[in-house]
Amino acid sequence: MIEIKNLGKSFGEKQVLSGAELRVENGSVFGLIGINGAGKSTLLRLIAGVLKPDCGEILIDGEPVYENENVKKKIFFLQDDPYYTTNLTAKAQAEFYKNFYDFDNEVFFSYADKFKLNVSKPLKNFSKGMKRQTFISLALACKPEYMLLDEAFDGLDPLARLEFKRGIIELAEKGTTFLIASHSLRELEDISDSFALLDNKTVKAYGNLQGELAKLSKYQLVFEDDKLREDMPFECLHFEKTGRVIRLVAKGDPQTIRACIENMKPLVMDEIPMDFEDMFIYEVGERGYLK
């Protein structure tokens, strides 16, 4: 389990995280979301023990991470732009990882074959997508207890994304805990069971993904008379009106919200399905980021 308590981190005068609290259960696939600059990459680096917190603590299986070799052996951190030496090949990198992980050659070569990678070719000659596929193959072959992925799907074509998601699900079923920061929310929704939203230098919300989505209802409504946001007898996360057509996102018990709307006797009442991307847009949009 990953536990984060009252975490703070600054770079000079710029505060990136303050009072962050988070818990990631073992075996979960956890999506980390937030606008650019929200601190997602910094949080992953702190969890990986690359950076030292200014305050608070990060515990993995009850032990602090920073400068703890035994804990770090459990973690694989795949950065957005992994470092590699000039003439490094994928095969040489695999040999390097064998010093730290229970590396599975069969898994590595299986993914390298699926991605059609020449493992003897220097990585400097690979495209961005091929480099990403290489490090994904290496990461999945390491089979760590905890895998931290920064912009996991960036640069991957649809088929590569599908193979990667299958690999994540397969490892998660065997007990690996994933913490994935990504802007590809539709990809995260396919595989994540939990999520956290970073906002205003802290963790604003986290929990079960489907449970949180179930608290949101999206409607398109038309009433005979004029209706304003304050006329809605429930919390509106989003309210937009064009003429007599109202589009709103409500937060709360879906059955209660539906009953409230029906009692207002709308001329038109269409319920629209919500997804993870919708939730993110409306959550951050109402705080002014998209205005």
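The values are calculated or read from the model by the stated rules, or taken from the named source; none is laboratory data. Owing to the predicted nature of the structure, the values given are computational and were not obtained by experimental measurement. So basically every Cβ, Gly included, is an ideal-geometry build from the backbone, and we count neighbours across all protein chains shown.
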Selection count, the range 146-201, where residues are part of a strand (DSSP E or B), within 23 Å of K72 (Cα to Cα) and acidic (D, E): 1
Condition met for I60 (among the β-branched types (V, I, T), modelled with pLDDT under 95 and in the same structural domain as S184 (by TED's automatic domain parsing)): no
Members of the range 251-268 that are touching an Asp or Glu at 6+ places or on another chain (Cβ under 7 Å), outside any loop (DSSP other than H, G, I, E, B) and more than 21 Å from E189 (Cβ to Cβ): none
Subset tally (residues that are more than 13 Å from V107 (Cβ to Cβ) and touching a residue at least 40 places away in the same chain (Cβ under 8 Å)) for the range 158-167: 1
Helices (runs of 4 or more DSSP H) enclosed by the range 1-102 - at least 2 residues per element that are closer than 30 Å to P122 by Cβ: 40-48, 90-97
